[in-house]
Amino acid sequence: MATRKRTPRQDSFLATHGESIIRDAQRELKSPARRLFGQRLLTVGGMALLSGSGLTDDKAVNAALRRISSFNDDVQALLFDPNKLAPTYPESMITRPFPFNAFYDIDDVPEIDVATYRLQVTGLVRGKRTWTLDELRALPQESQITRLVCVEGWSAIGHWGGVRFSEFLRRAGADTSAKYVSLHCADYSYWTSIDMPTALHAQTLLTLTYDGAVLPPKYGFPMRLRVPTKLGFKNPKHIVAIEITNRYPGGYWENQGYNWFSGS
């Protein structure tokens, strides 16, 4: 039987995710308790999905790639260690200036009115649902010098300060047994979501300052979620609402094909 050639879309997916899928799967198969992942990999077409066998239209290709991406999410989630810290750095290694990056130009950074700003907390919460900046600044603050890694291939080290996200969720009365935390932003309806174990990680920070000063608009004023264990697009800026949910929330880039977990 002749083997069908991969489509350009499949080649693009493999270039981005193929090595990661295989590497993660190999690591998982070393653990007898996790060999179910090997079985799952085989059920995703016995790697035939990667070669294009049996995929005859864009709908089938998209469905196959979604299944592979979902598998990759599962593997990354299983590998994630909530007690393992990302590297930290001395002040001498801070990237200056720290780069601006967004899907819009710097002249289009949203303007936030401090006087009227309120952070909304919704979903599975039984505590305070509206927060002012003054209330957030009154919570225990800490700082970190960590590296942000962008999916575009660059990285930069920055000095971030704010509230440990796990502490904020506790004070907000969030149900930390829920699956997801969804974050909605003021910048042109951008949103993303993370898993609860990552939300509770010791280095996940609701940042209010950068390099000892109020967080500048270009870096996400009035607040940005800093998640050193995930890629940059999972570090949303200009946050205006947080939802605790068991329903998969997706995200701006995730709904366009980016890997959802996107972390270590």
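List of remarks:
- Across the stretch 231-261, the number of residues qualifying as out of contact with any Cys (no Cβ under 7 Å at 6 or more places or on another chain), assigned to a strand (DSSP E or B) and buried (at least 19 other Cβ atoms within 10 Å of the Cβ) comes to 3.
- The set of residues in the stretch 166-189 being free of Cβ contacts under 8 Å to residues at least 24 places away in the same chain and either surrounded by 19 or more Cβ atoms within 10 Å (Cβ to Cβ) or under 21 Å from R137 (Cβ atoms) (or both) consists of R170 alone.
- W154 being of a type in the set (F, W, Y), more than 17 Å from L119 (Cβ to Cβ) and surrounded by 21 or more Cβ atoms within 10 Å (Cβ to Cβ): no
- Checking each residue in the stretch 112-131 for being surrounded by 15 or more Cβ atoms within 10 Å (Cβ to Cβ) and either assigned to a loop (DSSP other than H, G, I, E, B) or not assigned by TED's automatic domain parsing to the domain that holds T209 (or both) picks out I112, Y117, L124, R129.
- For the condition under 21 Å from P82 (Cα atoms) and assigned by TED's automatic domain parsing to the domain that holds A172, I239 does not qualify.
- Filter pass, V163 being in contact (Cβ under 8 Å) with a residue 24 or more places away in the chain, assigned to a loop (DSSP other than H, G, I, E, B), closer than 18 Å to R226 by Cα and of a type outside the set (K, R): no
- Within the stretch 190-230, the residues that satisfy the criterion of being part of a loop (DSSP other than H, G, I, E, B), out of contact with any Pro (no Cβ under 7 Å at 6 or more places or on another chain) and surrounded by fewer than 20 Cβ atoms within 10 Å (Cβ to Cβ) are A202, D211, G212, P216.
The values are calculated or read from the model by the stated rules, or taken from the named source; none is laboratory data. Please read all numbers here as calculations on a predicted model, not as lab measurements. Every residue, glycine among them, receives a Cβ derived from its backbone with ideal geometry; neighbour counts consider all protein chains shown.
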